[in-house]
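Structure, as structure tokens:
Read-outs: derived from the displayed coordinates by stated rules, not from any lab. Source: prediction; values computed, not measured. As a convention, Cβ positions derive from the backbone with ideal geometry for all residues, glycine included, and neighbour counts pool all protein chains shown.
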Amino acid sequence: MKDVVFANPGFFYLFIVLVAITGWYLLRGSRKSASMGVPGFEGLEDSRTPRTWMRHLLFAMRIAAIGLLIVAMARPQSTNRWQKVTSEGIDIVMCMDVSGSMRAMDFKPNRLESAKDVGIEFVNSRDQDRFGLVIFAGESFTQCPLTTDRAVVTNFMNELDFDLVEDGTAIGMGLATSVNRLKESRAKSKVVILLTDGVNNQGEIGPVTAAELAANYGIRVYTIGVGSKGTAPFPLQDRFGRTIVRKMEVEIDEDVLRKIAVLTGGKYFRATDTEKLRAVYEEIDQMEKTQMDVKQFSKLNDEYFPWVVGALLLFVIEIVLRFTLFRTLP
């Protein structure tokens, strides 16, 4: 049998009002039905029929309906149901390339804007994780430390732009900075999602060295190479300051990105357009489902709905009877 508690028991005081109304109704009925003896009519039977007495049923139904509503307002809740809750949360650093080559227009409107949009979708889809944001070009820095506040992370991602740091591609520095953000983490799963469209050409730490460092700290790195194969349209300015578009060779060091993934137990992906980039994040989302802790607790379940339904049914039946079967009753 269910154990039932009431969230708002103060509403039960309204039953005092119902008792008063019922007492008033009975008192009024006794006064109306008081009889007076008339000589010569002692033998006549009481003319009131059972149908006449049925008028009291309408009042009883109205009182019962109000009583059910009072119980519903007291909010009955069952407490004998137990629910197992699993929290799936990991620490993830988004490591994003913001170098000038991310202006390429093989993604719409360009690689950086597309990477921002899809990255924000990924962050918002995982409400149990902590996220951080590291950016790199010729050097790297932490744009946002690890936090559970997804709004903060997405705001920082929205603000990403070119020329935030010196141009170039320091993949190793970006990864090393990401590792530094995660090395003290106590999460059971620590992940870096490294997104770039180029070849490492700057920085004091090489990509493979940074990957070995990540592996030592148990950090898994998923690498994503963004860019179409062959050539890609790239905006340039001519000597008059006008924007022109030229085809440029796409150069992504896939061998290094694969090696980073292998060394850290991650995976390398190649995204040639926005939809394929979105599919990459969806695959990572499916692979990274780590249980952090499990609890059991007693779940309160609201049980007021049947009481409301019962009250409404009584109100409807009472109204229908009043204007049909009992319409001609005094």
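Rank-order 302-312, 222-232 by packing density, defined as the average count of other C-beta atoms within 10 Å over each peptide's residues, highest first.
The peptides rank, most packed first, as 222-232, 302-312.
Rounded, prolate or oblate, given the Cα gyration tensor of the range 101-143, with a/c below 1.5 counting as rounded?
In terms of gyration-tensor shape, oblate.
Kirkwood Rh and Cα-based Rg: tell me the resulting Rg over Rh for the range 156-247, rounded to two decimals.
Ratio of gyration radius to Kirkwood radius for the range 156-247: 1.07.
On the Cα set of the range 178-222, report Rg and Dmax in Å, please.
11.2, 33
Evaluate the Kirkwood expression for the hydrodynamic radius of the range 90-289, namely the inverse of the mean inverse distance over all pairs of different C-alpha atoms, and round to one decimal in Å.
Mean inverse Cα-Cα distance, inverted, gives 16.6 Å.
Considering only Cα-Cα distances, which of the following residue pairs are longer than 24 Å: Lys188/Lys267; Lys108/Lys229; Lys267/Lys289; Lys183/Lys276?
Correct reply: Lys183/Lys276.
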